[in-house]
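Down below is the structure, laid out as structure tokens.
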Amino acid sequence: GQQVMQIPQYQHVQEGEDFTTYCNSSTTLSNIQWYKQRPGGHPVFLIQLVKSGEVKKQKRLTFQFGEAKKNSSLHITATQTTDVGTYFCAGPGSGGSNYKLTFGKGTLLTVNP
Amino acid sequence: DTGVSQDPRHKITKRGQNVTFRCDPISEHNRLYWYRQTLGQGPEFLTYFQNEAQLEKSRLLSDRFSAERPKGSFSTLEIQRTEQGDSAMYLCASSSTGTPPNYGYTFGSGTRLTVV
């Protein structure tokens, strides 16, 4: 079945440093989504990317979708303590449905103030 | 509408007992999903509904698990004869079909199940 891999598994940074997490799929994706889960919380939808090579920004967050639509990245500029949490990428599962998602294991970001 | 609601928030049960969880999705959303999450892992797909129809069920799900969504509104997830390996956070999510398509999920706060 489809696999979604994320690296790194953990990342610890000093406040103000940049952070990047990478997502790779074993299959071509029709879209990719990113979610953030705060400690003790539930996943919260951040963004979806649909087009090959698409780049979207949300304040200090930059999301990219690869040209082959098999990989994606999330980059945070000048991290803040409010960025702490686990970042998941997710893509549609095999079988044609765009709505059922397969999640990666996530990247846990911790920020030292 | 205040989002996706799940009840209860926490459930402790003895091994072998049956448990049932409820999920109330966002009212405009016609798709409803159940996921399970354990510590350090991403959410794992269990099943999903479009309106009242259960469209897919994970092959990882044993026959002890059953889900319903009568009338296409709220949903229930029942686990029979619970085992310690069932201990996890059970997440419900909903999404809509619209134009342009937005595939993003809105998750509830989850039900944390502990089987002792």
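Read-outs throughout are calculated quantities, based only on the coordinates presented, and are distinct from any laboratory measurement. This is a predicted model, so every value here is computed, not measured. Backbone-built Cβ (ideal geometry, glycine too); neighbour counts: all protein chains shown.
Summary table
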| quantity | calculated |
| --- | --- |
| Under 22 Å from the Cα of B:Lys14 - lysines, other chains or at least 8 residues apart | none |
| Per-residue mean of C-beta atoms belonging to partner chains within 10 Å, peptide B:85-96 | 1 |
| Largest-first principal axis extents, alpha carbons of segment B:28-84, Å | 33, 25, 18 |
| Rule-of-thumb Rg ratio for segment A:2-42 [Cα; 2.2 N^0.38 Å; N residues] | 1.44 |
| Unit Cα scatterers, Debye sum, the protein assembly as shown: log10 I(q)/I(0) for q = 0.11 Å⁻¹ | -0.56 |
| Å³ per residue enclosed by the Cα convex hull of segment B:1-55 | 120 |
| Extension gain (nm, one decimal) between A:Thr77 and A:Thr20, 0.36 nm per residue minus Cα-Cα | 19.6 nm |
| 4 °C / 1.567 mPa s Stokes-Einstein diffusion coefficient of chain A, Kirkwood radius on C-alpha pairs, µm²/s | 92 |
| Residue among A:His75, A:His12, A:His42 with the largest mean-square fluctuation in a Gaussian network model of chain A, springs linking Cα atoms under 10 Å | A:His42 |
| Karplus-derived HN-Hα couplings along segment B:78-88 (A = 6.51, B = -1.76, C = 1.60, θ = phi - 60°), whole Hz, x at Gly and Pro | 10, 10, 9, 6, 3, 10, 4, x, 7, 4, 4 |
| Violating pairs (Cα-Cα greater than 29 angstrom) within the set B:Lys11/B:Lys71; A:Lys105/B:Lys11; A:Lys51/B:Lys71 | A:Lys51/B:Lys71 |
| Quarter of Cα convex hull surface for chain B, i.e. mean projection, nm² | 7.2 |
| Antiparallel %, DSSP beta bridges [both residues in chain A], to 5 | 90 |
| Equivalent-ellipsoid semi-axes of segment A:46-91, from the Cα gyration tensor, Å, largest first | 21, 11, 8 |
